[in-house]
1. Per-residue counts of other Cβ atoms within 10 Å, averaged by peptide: what ranking do you get for 97-106, 242-251, 433-442, highest first?
2. So if each residue of separation counts as 0.36 nm, and I subtract the Cα-Cα distance between Ile71 and Asp98, what length gain in nm does that give?
3. What spacing in nm lies between the two simple spin-label points modelled at Leu345 and Ser393, each 7 Å away from Cα in the Cβ direction?
4. If one computes the Cα centroid of the range 119-184 and of the range 29-99, what distance in Å separates the two points?
5. With a ≥ b ≥ c the root eigenvalues of the C-alpha gyration tensor of the chain, is it rounded (a/c under 1.5), prolate (a/b larger than b/c) or oblate?
6. Please report Rg over Rh for the range 243-336, where both radii come from the alpha carbon positions and Rh follows the Kirkwood definition.
7. Just need the relative contact order of the range 355-450 here, percent rounded to a whole number, with Cα pairs under 8 Å and 6+ apart.
8. Assuming R0 = 45 Å, can you tell me the calculated FRET efficiency for the pair Arg373 and His246, based on Cβ-Cβ distance, to the nearest 0.05?
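Every number here is computed from the coordinates shown, using simple stated rules; none is lab data. Since we're looking at a predicted model, the values are computed, not measured. Cβ atoms come from the backbone with ideal geometry, glycine included; neighbour counts cover every protein chain shown.
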Amino acid sequence: MIAVLLACSDPTRTLRPPQWTPSSSPATPADTATERPILAPPPEATDLDPDPGIVRVSLTAAPLVYEVGGIPVEGYAYEGTVPGPTLRARTGDTLVVDFTNDLPDPTTVHWHGANVPNAMDGAGWPMPEVLPGGQLRYEFALDRAGTFWYHPHLDTEHQVDRGLYGVLVVEDPDEPVADAELVLVFDTFGEPAAAEEDPHVVDPTLTTWAVNGLVDPRWSVPGGSVVRVRLLNASNAGYLAVADQHVIAHDQGLLAAPTDGDVLVAPGDRVELEWRVGDGLDVLRRPWTVAGGPALGEPVRLLEVEADPPAAVPAGLAWPFAGGAPTEDPGTTDLRFLLTGSPDLGWEMNGETFPDVTAPVVALGEELVIEVRNASPASHPFHVHGHAFEVLSMDGVAPVARTIEDTIDVPIYGLARLALTADNPGTWMTHCHVLPHAEGGMMTLLVVEP
Ligand code: C2O
Ligand code: CU
């Protein structure tokens, strides 16, 4: 029987999720034989504010030379770790981040997926970029639970690639607490330059995937545990398809209903998984085709979870899924985004190259049906800043249950229909989250007039 504890029952507000740290006993013979690293979650940021409604952290970006799976990286890091520290708060909290730029380059911090005011979005306006040696305080309220993330939004392709990313967890006190929680941040390292240009032109087996900076690590947890996994694909361009998962949440918190099977995690996307660990499990990467579907070929192991000691597979937790069918598509279209280009020709949105764009202007509160048409031979994860949207359909097929996202992969020649309420005033970036595509120009703006 799994004890269900409510997070709000803890008056001291620890920022640490329940988790088992890896055993510190000497390496077992198996460890020595294979030299497989032991997985650790990213460090958790310390809340410096005693006020229970405020989470205040300090965050410094600085150069860091590190190594991933034997591949040397002339990197950048938040707080000296890649991934950066996990920031953890609860719905209703105010997050205050005292940011210092110790990089040789200007930078910003963007809060991907969080409902922030325009000035806090890290876009470079209306608050300017943070110059080398500069500081800036980001401060905003967190109204939605979910697994969000933070990363620079200036020379994004290179700054994120060097290691500037971390997870922002917003907990809902009404959700059950799992026996353990594990933040998994995936990134690709050392891929040939062509893979950075376009994720589809190279043999996917050439890409080295790391999880929390480790290649093919192992992790152990007592059998009988239910583990809540918060997974982020922070890769610039690499598509991750994780086999055989019980998915409980996407970008914007718990789903209306859970799904089982393989899950595609596009660059910038997050999913949450429930692992019921009996006698261990393997997390496998499925090969993925150019067209955006499962390919032939053996899955590659990303992570081995050992049950120590093994036990019977436990029951799952009583997640408060909202239920509900998707909103019916009214059939009208208010805004269109067209994604075109190729590795040779470059990448465009609506036939334009950022920053030379014609930004659509909508009124605050307008309910928009958005059509995103991919007329190119590559997939593109479409992301809107400052807003969440509901997926009405993908290639004419409505999702089985209501699905709220901030980043959605639009496959090759695919068509997404989305419903978005323009509820956040300001000028918002709207772009593909394959970062070489975005930096190459596949980006526009959405102006929400107050
Ligand atoms: Cu992850 Cu424009 O953002
Ligand atoms: Cu793209």
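1. Details: 97-106: 17.5, 242-251: 21.1, 433-442: 24.6.
Output ranking for 97-106, 242-251, 433-442: 433-442, 242-251, 97-106.
2. On the way: separation 27, 0.36 × 27 = 9.72 nm, distance 3.17 nm.
This chain segment gains 6.5 nm when fully extended.
3. So the label points at Leu345 and Ser393 sit 2.7 nm apart.
4. 12
5. rounded
6. 1.05
7. Working: 221 pairs, mean separation 38.8, N = 96.
Taking the mean separation of contacting Cα pairs over the length of the range 355-450, I get 40 percent.
8. Working: r = 32 Å, r/R0 = 0.72.
For R0 = 45 Å, the calculated efficiency reads 0.90.
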